[in-house]
Structure formats: structure tokens, C-alpha cells
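The values are calculated or read from the model by the stated rules, or taken from the named source; none is laboratory data. No experiment lies behind these values; they were computed from the predicted model shown. So basically every Cβ, Gly included, is an ideal-geometry build from the backbone, and we count neighbours across all protein chains shown. Please note that ligands, DNA and RNA were not included when accessible areas were found on the heavy atoms of the full protein model with its side chains. Shrake-Rupley method; radii C 1.70, N 1.55, O 1.52, S 1.80 Å.
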Amino acid sequence: MPKKAFITGINGQDGSYLTELLLEKGYEIHGIFRRSSVPNTQRIDHLVKPENKLTLHFGDLQDTSSLMQLLNDVQPDEIYNLGAQSEVGVSFANPQYTAESTALGVLNLLEAIRQSKIRTRFYQASSSEMFGMAQEVPQKETTPFHPRSPYGVSKVFGYWMSVNYREAYKLFASNGILFNHESPRRGETFVTRKITLALARIKAGLQDKLYLGNLNAKRDWGYAKDYVEAMWLMLQQDKPDDFVVSTGETHTIREFLEEAFGYVGMDYQKYVEIDPKFMRPAEVDLLLGDCSKAKKVLGWKHSVDFKGLVRLMVDADLKLVGLTPPAKK
Ligand code: NAP
Ligand code: F7E
């Protein structure tokens, strides 16, 4: 019998890479996605084919009774909770909505598991945003949390709920504390993808300027495809636990701009303008992860570094607008 996985947020960046990984491993996959007035499954459409054991169900983390029904029907061996309102900037504009999906959504799913009495393993998509105003550098599993946004606060709630269900009900629940991870499938409003897409459009003559906010914040950016492997590894362990997943390298947004524009022989300063509307009411200035525990216990390590990540994202967006990427040296 193939293992069964249930994925929330299956049509998001990570959901699509995780689905690919689990299909390669022979899993039967069930994912929930939300009804939308326009198509919203572009990231996984290529996976919907007869030879893949992939079923998409309409569902929402805010609809506990449907979650319970689905879990009863599917009886998954593993559950990956990737669904969330995941944009930090948007969470300041819509704090209640963010809390309902990103915080209470976790509780709804945990309760659906508990009440349906299924035996399963649970992965919670926790975030480096929980460290927020970082209390130490680098950040590891024992670093205290100090979230700086409604999104970060919601993720702290989801983290502790997962720990609580592990302790109270002996649920196999693990938190992946993932630092920023990006890819050509990254949403177009996150800063890395916003930069690489704008760069490609500027090069193609489709856009003149790129408007950004704070260029001084530092992030530990990795490649999403590497990071979904860490999620899977966490659920293959003998016991549940919490793990930081990161590259151990940190760079400013300005350095990302220099690397990306420099790669195609352009000077970002000619194109980038600061628009205060992209500044956040409270910023996370510096994130840098120490993933020694994931390396030691899971045997995980990243395969793509900062420069490699920038280049693969620029290459993909150049192709998207019909341009040829620079020749590899
Ligand atoms: P993403 O591309 O924004 O995907 C989020 C997914 O959640 C989308 O499929 C979205 O569906 C779905 N969703 C939103 N609200 C939902 C709800 N109420 N019920 C069910 N599904 C809902 O995010 P990602 O980058 O793949 O990240 C995956 C998870 O990891 C998220 O929980 C995120 O917060 C967390 N995380 C991400 C990073 C990162 O750097 N990427 C780092 C740490 C943690 P729609 O398309 O319908 O909106
Ligand atoms: O911002 C700055 C912004 O939105 C990164 C999510 O996946 O990773 C992500 O959260 C930095 C911030 O990602 C713009 O102020 C400047 O300092 O790409 P971002 P994020 O906030 O780090 C974590 C780990 C998650 O869990 C989240 O789900 O870039 N910045 N100018 C800008 N950011 C955006 N979005 N747009 C700008 O124009």
C-alpha cells in the first residue's frame, strides 16, 4: 500500500514542490485548495495526470467540519499543514483574517485530527518570522521568539499549538522552523521574485522602474525545492521534534539586487526607487539560521547557495518574458 499524504496549501510554492517530491516517492496525495473566481492551480496543473495518485479537494482551514470529513475519508499517514496567509506585509493590513487562517487554521486542523481519531503524523509550517526582533544571532531551536507582525504572532500560536497537541495527546507533530525559501514559483509580491521578475521585464522593455521598501533588511534565503525535503525528513523520524531549516548565510535586499542585476550586466541603482508604501510598521532586521540540528538529526543540507538561487530565479524569469539567460561560465 502506498503511503497517503494530505497537504494544505497544495497550490502554493511549497505545496507544489512537496507534491512533486512525494509523487516521486510513490505517495498517494490528497490536497485541499480554495474555490477562486480565477484559476489558482497553475503550480500543480502539470502534476494532474492519470499516472499520478493526486486528488484535489475543495477545502479551507477555516472549515473544520469539512476537514474532519476529509481526514476520515482519506485516513492519511502524513499531514503537511502549509496553508496560510503567508505575506507579512498583508498581515498588517488584514490582521484578523491572517490570524484566522495562519493561527486558528492550525488549531482547526489539529482538532480535526484529534476528533476524527486518525493515527497520523503532522508537519506544521512554522517560520523564522517567529524570531522577529532576533534575541540572538544566529537563531536556533532554543532562541526565544519575538514576532514583529500579525503573521509572526500567528505562526507562534501555530507552533505552540502543535507542541501542545504533541504533549497533551501524543500526536506525532513536528515544527519546521523554515527560513525564507524562494524559487521561480515564489509569489510575485515577495521581494526576491518581485526583483527577478521586474529585472526580466525591464530587460525586455516591458517595465521602466522597480518600486521597493526597506533595502537594508537581511534574510537567510534558500531554495524551496531543498526545503520541502526537510519537511518530509521530519515526518520520517522515530519521534516528533522541531527543526530550524536555513542556509547559514545572510544578505541584504540591496545585495540581492546587486547580485541579480549584476548577473545580467545592469546597475540596479538606475531602476530601483523607494516607495514608502512597501515599508512595514515593524520590520525584522536580521535573520540568520543555525540548522546544525537538522544537519545532524535529519542528515539534511541545502544544495543551492545565495548566488545559485539568484541566478536560477533570474534565468527562469528571463525565459518567462522570452529572453535568453546569460551563458554559464
Ligand atoms: P504560499 O505560496 O503563499 O502558499 C500558501 C498556500 O496556503 C496557498 O496554497 C494558499 O491558497 C493556501 N491558503 C491560504 N489560506 C488558506 C486557508 N484558509 N485554507 C487553506 N489554504 C489556505 O506560501 P509558501 O511559500 O508555499 O509557504 C508554505 C507555508 O510555509 C506557509 O504556511 C508559510 O506561511 C510557511 N512558510 C513559508 C516560508 C517561505 O519562505 N516560503 C518560510 C517559513 C514558513 P490560495 O492560493 O487559495 O491563497
Ligand atoms: O520580505 C523587504 C521586507 O515579503 C523580505 C514569507 O514567506 O519569509 C517571507 O517573509 C524583506 C522584508 O519576505 C519590499 O521589508 C523591501 O524585510 O520577501 P518578503 P518576508 O517578510 O521575510 C518568511 C520566512 C515567511 O514565513 C513568510 O511567509 O524584504 N522588502 N521591499 C520588501 N518586501 C516585499 N514583499 N516587497 C517589497 O517591495
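Quick notes on this structure:
- Rolling a 1.4 Å probe over the protein heavy atoms gives the chain an accessible area of 45 Å² per residue.
- Solvent-accessible surface (1.4 Å probe) assigned to Thr142 amounts to roughly 110 Å².
- Annotation for the range 23-129: GluC sites (Glu not before Pro) lying in DSSP loop with at most 10 further Cβ atoms inside 10 Å of their Cβ are Glu51.
- The range 213-220 - phi-based ³J(HN,Hα) in whole Hz, Karplus 6.51/-1.76/1.60, Gly and Pro as x: x, 6, 8, 9, 5, 10, 10, 9
- Between 0 and 90°, nearest 10: helix 150-169 axis offset from the chain longest Cα axis: 30
- Protein-only accessible surface order, largest first, of Phe58, Phe33, Phe122 at 1.4 Å: Phe58, Phe33, Phe122
- Whole-number percent relative contact order across the chain, with pairs defined as alpha carbons under 8 Å at least 6 apart: 17
- Using a probe of 1.4 Å on the protein chains alone, the accessible area found for Asp45 is around 80 Å².
- With helices as the sole contributors, the chain gives -11000 deg cm²/dmol at 222 nm; each DSSP H run of n ≥ 4 counts as -39500 (n - 2.57), and the sum is divided by every residue.
- Protein-only accessible surface at a 1.4 angstrom probe places the residues His251, His146 in the order His146, His251, largest first.
- Taking all protein chains as they are arranged and a probe of 1.4 Å, the heavy atoms of Ser66 leave approximately 40 Å² accessible to solvent.
- 5 angstrom amide H check on Ser127, placed H, neighbours 5+ away: Leu178
- In this structure the amide hydrogen of Arg34, modeled in the peptide plane, comes within under 5 Å of the amide hydrogens of Gly59, none closer than 5 places in sequence on its chain.
- Nearest-20 debye value, the chain charge dipole, Cβ charges on Lys, Arg, Asp, Glu: 400
- Shape of the range 27-106, Cα gyration tensor, a/c cut at 1.5: oblate
- GNM top mover of Thr64, Thr189, Thr252 - the chain, alpha-carbon springs below 10 Å: Thr189
- Proximal lysines to Lys293, defined as alpha-carbon separation beneath 23 angstrom and excluding residues fewer than eight positions away on the same chain: Lys140, Lys155, Lys170, Lys218, Lys225, Lys239, Lys301
- Averaging 1/r over each pair of different alpha-carbon atoms in the chain and inverting the result gives 20.4 Å, the Kirkwood hydrodynamic radius.
- Placed amide H near Gly222: partners under 5 Å, 5+ positions off or other chain: His181, Glu182
- Split the accessible area of the range 173-329 by element, probe 1.4 Å, and carbon with sulfur accounts for 48%.
- Computed from backbone phi with θ = phi - 60° and the Karplus coefficients 6.51, -1.76 and 1.60, the 3J(HN,Hα) list for the range 308-322 is x, 5, 4, 5, 5, 6, 5, 3, 5, 6, 4, 4, 4, 9, x Hz; x is used for glycine and proline.
- Vicinal HN-Hα couplings computed from phi for the range 132-145 (Karplus, 6.51 cos²θ - 1.76 cosθ + 1.60; Hz; Gly/Pro x): x, 7, 4, 7, 7, 10, x, 8, 10, 4, 8, 5, x, 7
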